[in-house]
Structures are given as C-alpha cells and as structure tokens.
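Chemist: One structure, pasted below without further comment.
Every number here is computed from the coordinates shown, using simple stated rules; none is lab data. Just so it is clear, the structure is predicted and the values come from calculations on it, not from any experiment. Don't worry about glycine lacking a Cβ; one is built from the backbone with ideal geometry, like all the others, and counts go over all protein chains shown.
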Amino acid sequence: MPRRRFLVAYTLALASTGIVKGQGLDQQTPFPLSDQSHDRPSWSTLPISNPTKSFWIDTPGSNPLAREHHGIFERSTGPLCFGDEIDVCVIGSGITGISAVYHLQRFFGAQGDGQDERKVVVLEAREFCSGATGRNGGHLTRNPFNGYATRERLYGQENARKSYLLEDYVSSSITDLIYSHGWSDTVDLVNGGHITVFLDEEEERHALVDHQDAKEGGLKLKDVRFLDKQMMQNAYGINHSGVFFPSYNLWPLKFVSNLYNLSASANPRVKVKLHTLTPVTAISSSHSSSSAPSNQDTRWIVSTPRGNLSCKTVLHATNAYSSFLLPQFSNRIIPTRGQMFVVRAKASLERLKRHSWDANQGYEYWFARPEGKDKHGKEYQPPLVLLGGGRDTAGPGLDQYTMDDSVLNERVSKTLKEFLPNLYAGTGLFEEGRDAEMEWTGIMGYTHKGAPFVGPVEGLDGQYIAAGFTGHGMPRTYAAAEAVSGMIVANLMGTEWKAPEWLPEHYLTNWRH
Ligand SMILES: Cc1cc2nc3c(=O)[nH]c(=O)nc-3n(C[C@H](O)[C@H](O)[C@H](O)COP(=O)(O)OP(=O)(O)OC[C@H]3O[C@@H](n4cnc5c(N)ncnc54)[C@H](O)[C@@H]3O)c2cc1C
C-alpha cells in the first residue's frame, strides 16, 4: 500500500512549526482573559463554536444533555448561580470531566465527612461532550503490550507494568458499569476484540519483540494471538499478518451521558450541576494579588460569559485545550487534529466481522457499526464503517498546533477514502471511490512521550489537571479521573491520598517529564 509520509517520527512532528489559527470563541466575545494570557501562544484558543458534525453527536436524539434545559440541575443560559461554596469546578464535559464527577460523588459519599452537602459544577464551553470524546473513533481498546520495552527503559519496570494494568482496570471498570446498569444496548457496547494489521515485516518484528519483553516483564498475555498471513487471508481477506487481543467498541457520548446522569443522582449529599455553552475564560485568585490561595478558605474565581463562580478546587479536564487557561502547558500538551470518515460497506457484518482494527502503526483504525442501527428506510443496508486516521499524510505540521475542528484536511480525506478498498482489495467488501456519509475532525492532546498529566498544577494550590491523552484516551481517562478526584477529596477533607496500585508514577504532574 504505497503511502506518502511527511514526518512519521513523533519527535519531528513536535518540532514542526505548521500552525493553523483557529477561530476561537474568545475571538468573538470580549470576555476577561486569564492573568497569564501574555504567555499564551496564538494557536491556543477556546474550543471553536462551529465544529464539524460528528456521527456520535449529530445523530438525532443522541445528545440529550447537549444544550437544552434538562432536569433541575442543568442550564446553558442565564446567569450562573450555585451559592458561593462550590467544592469542585470541573472544566470540560468529556469522558475525563464526567468520570471525575462520578468518582467525586463516590469519594465524598464514602468519606462521610459530616459536611451537609458538597457541590460539584461542570462547565463546558460548547455542547455536552463535544470535544474529542464526542468526535473520536469509539474504540475502548486497551493496549496489551505495545511499546513495552520503551516504557521500561523510560520509567522502570514497575511503572511500565502499571501503565498496562491501568488500561486493564479501565476496560473492566467501564464494561462492569455498563453491564451492571444494563446500558449495553444504549451505548452499543461490542465485545468484539481487536486486530492490529502489520503492513510490513518491520512492524511485525517490533510487535514480537515488545510481546516477548512484556511477557518477561510480568504482563499476562494469554489472550493475545499472532495471526499469520494465511490465517488473515482466509478469515478476513487481508493479505497481511496481524495480532488479535480482547477489546470493545462503543458509542462514547452515550456512555458519558449515562455516567453523568448516574453521578448527578447517585448521592443526595453531593449536588451536581452542568452548564453547557459556558466557556471558562479566566481563573484568578480571590486574593487581591494574583498569587495562589494559601489556605482552605481561599477561592478560585472562575470567569465565564454568564458570570463568575467561586470554587475551592478547580479541575482542568480540558485535554487538548489545557494551555488556554494554563499557558504553562503549551509546550507539554500539543493540540493535534484527528479526522474520522464514515463509509457504507458493501457486505454484511457477518463478512466484515465485529472486531475493531488498526493498521499502519495505529495511524488508521476502524470498525463496522452494529447492523440495523443506522438504516434510515425499511430497506436493508450494509453497516457503516467508522474509519479514523490518515494524519501521517496531513502535510507539513501533521495537523498539530491547531484547535480548529471546524474543517477537514483534504489530504487526509483522500487517504481515508482509499484506505479500506486498498486493504481489502479483491474481497468486494468495500467499493472503490465511495464517498463518506459523514466526515469530521476533533482535537487530541498530545504529550511528548504519550503519558498524560494527572495531579496538582504546580504553583496553583487547589487547581488540578487530568489531560494529555493523545489518541488513546478511552482506556485511560476514567482512571486518571479517579486518581485526581481522590487527590481532590483528600485535600478538601485534610486526609492523606493513597495512590491506587494501578497508577504509574510517570502519569503524575510532579514526575520529571
Ligand atoms: C478523531 C479522534 C479519534 C479518536 N479515537 C479514539 C479511539 O478510538 N479510542 C481512544 O481511546 N481514543 C480516541 N481518541 C482520543 C480520545 O477521544 C481522547 O483521548 C479523550 O476523549 C479525551 O477525553 P477528555 O475528556 O480528556 O477530552 P475532551 O473530550 O476533549 O473534553 C474536553 C472538554 O473540555 C471542554 N473545554 C475545553 N476548554 C474549555 C474551557 N476553557 N471552558 C469550558 N470547557 C472547555 C471542551 O469543549 C471539551 O468538551 C480520538 C480522538 C480524536 C480527536
């Protein structure tokens, strides 16, 4: 499969200077900006107001929390009001922010701190869950061993091992939640496993080495099966070798909506409010100077176009957008645009299989949606396939340093359009030249070594962050949110936080990144 690659090496990508300027909400309305705005690079904006339409968000009926007044706790218009004693202001309603709300109400409940009530507010710049989580590929695919040797070298054996344990933990926690609450059908959970396709021998060789190292490092890999070319050809019509391992796919927005509804009603002592279409434009200290609060009574003033909130604690769950409010992260979390392409297959799901897939070192990833869910008329139609990737053909800059998800990259569109008919050539599963039924972009938060930042923001007492999940957030965000929520609750209650056994140290903000 010939492919023109511009800059595959990630380090080179980070050094590239291709900057696309987004048209942020901040450029449309004169809101107060952060004290540190002079440090903010020009590419760092608020989420823009007119993103491309995503299958997950824009399928009618799929986002009931989007913007309308819903229930008694959510509002997207009018002045903000929730008293002046907010315990935690969560910025961002993606899977990280909402997982944090879930864990916060659990931890507050478990601690029984004698306080009558705890208040948690979620502030979201656009519609509910309209960032990367509402625009991603839908894979809940834990990485079983990929990159093991590098992680062991960078972080030591124990941390390397924990980074895989964490993904196991998230995958089983999320699916347990889904099964125990009977959400499987609502969120279209598919337990179909995942196949990585090796497009060349070098990819396969690397995988075999990683697999061996991971085994020696103590990872349990009994469900991993390498598949040779013949097996792949017979079973799937693909003329490459591959590796199979357990994995899920789902409708991320629907999972996050269910999780929010559960969290907002689970604990009567914890009052939860969601404000959509409410961008946070600045955060300042309630002290007259701009220095950090020095004790429990001090508040952070969180400014929005609908008014200010006074918060004891602020959690930045803003992922790719983190540098807008925290410019000190502008060289640590790099906004990186990903693109999705939805195409109608030519064959049934039985022939396509229910696995999710990736190829080309993870640059392309896809799966076929459950049949029957997307047909509009009575006539049967083959499933839609959601394909993401193509970023290695995005051109100079690899679509980094941009927060603009209102546009498509034409080069990437071309790559994605050709990808499946080429890979499955001769099978009749995909029609050459078939146009996308939907195509959209979303912004990921890349970090230099792929690990997120979880924990207190240095020098800003009472502000925390969980962000920087690259293109691999579904199996990590829930745990990062759990860890940071544990820290927040311990801090508010004056107790000691104990790190969960699955948390690698290199995820923490105080690790020497
Ligand atoms: C095209 C694409 C495909 C992907 N595919 C996959 C996949 O298949 N599997 C996988 O594991 N991962 C995938 N990812 C990555 C994954 O989606 C992310 O890692 C994950 O969703 C991050 O969740 P989050 O909640 O941290 O961030 P987000 O979902 O981006 O949430 C951050 C939220 O903060 C809001 N916000 C930002 N700034 C402000 C502000 N100042 N005020 C108020 N609100 C603000 C944003 O509007 C946004 O809603 C993909 C990402 C993209 C873009």
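Chemist: Starting from the Cα of H206, move 7 Å in the Cα-to-Cβ direction to define the label point; list residues of the stretch 234-256 whose amide nitrogen is under 19 Å from there.
Modeler: 240-245
Chemist: Testing the spin-label approximation: label points 7 Å from Cα along Cα→Cβ at N422 and S173. State their distance in nm.
Modeler: That separation, rounded to one decimal, is 3.9 nm.
Chemist: Between K414 and R512, what is 0.36 nm times their sequence separation minus the Cα-Cα distance? Round to one decimal in nm. It would help to have the intermediate numbers written out before the result.
Modeler: On the way: separation 98, 0.36 × 98 = 35.28 nm, distance 4.03 nm.
Using 0.36 nm per residue and subtracting the Cα-Cα distance, I get 31.3 nm.
Chemist: Just grab the label-to-label distance for Q328 and T59, each label 7 Å out from Cα along the Cβ direction, in nm (one decimal).
Modeler: 4.2 nm
Chemist: A further question follows. Return the sequence-ordered ³J(HN,Hα) values of the stretch 186-191 in whole Hz as given by the Karplus equation 6.51 cos²θ - 1.76 cosθ + 1.60 applied to θ = phi - 60°, using x for Gly and Pro.
Modeler: Result, rounded to whole Hz: 4, 9, 6, 5, 10, 9.
Chemist: Take the alpha-carbon centre of the stretch 318-364, take the same for the stretch 407-434, and report the distance between them in whole Å.
Modeler: Measuring centre to centre over Cα atoms gives 17 Å.
Chemist: Assuming a ≥ b ≥ c are the square roots of the Cα gyration tensor eigenvalues, decide whether the stretch 301-444 counts as rounded (a/c under 1.5), prolate (otherwise, with a/b larger than b/c) or oblate.
Modeler: Details: a/c = 2.87, a/b = 1.90, b/c = 1.51.
It comes out prolate by the Cα gyration axes.
Chemist: Quick check: from the Cα gyration tensor, does the stretch 147-204 come out rounded (a/c under 1.5), prolate or oblate?
Modeler: oblate
Chemist: Zone of E85 (label point 7 Å along Cα→Cβ, backbone N under 14 Å): which residues in the stretch 264-280?
Modeler: The answer is 269-271, whose backbone nitrogens lie closer than 14 Å to the label point.
Chemist: Shifting gears a bit: If R₀ is 22 angstrom, what is the calculated FRET efficiency for the pair N50 and E431, using the beta carbon separation as r and rounding to 0.05?
Modeler: The computed FRET efficiency comes out at 0.10.
Chemist: Within the stretch 404-441, name every residue whose backbone N is under 14 Å away from a label modeled 7 Å from Cα of Q381 along the Cβ vector.
Modeler: Answer for the stretch 404-441: 435-439.
Chemist: A further question follows. How would you classify the stretch 159-283 from its alpha-carbon gyration tensor, with a ≥ b ≥ c the square roots of the eigenvalues: rounded for a/c under 1.5, else prolate if a/b is greater than b/c, otherwise oblate?
Modeler: prolate
Chemist: Any idea what Rg and Dmax come out to for the stretch 369-438 if you just take the C-alpha atoms, in Å?
Modeler: Final numbers for Rg and Dmax: 14.8, 45 Å.
Chemist: Kindly state, to the nearest 0.05, the FRET efficiency for E216 paired with L262, given R0 = 41 Å and r defined as their beta-carbon distance.
Modeler: Working: r = 41 Å, r/R0 = 0.99.
The computed FRET efficiency comes out at 0.50.
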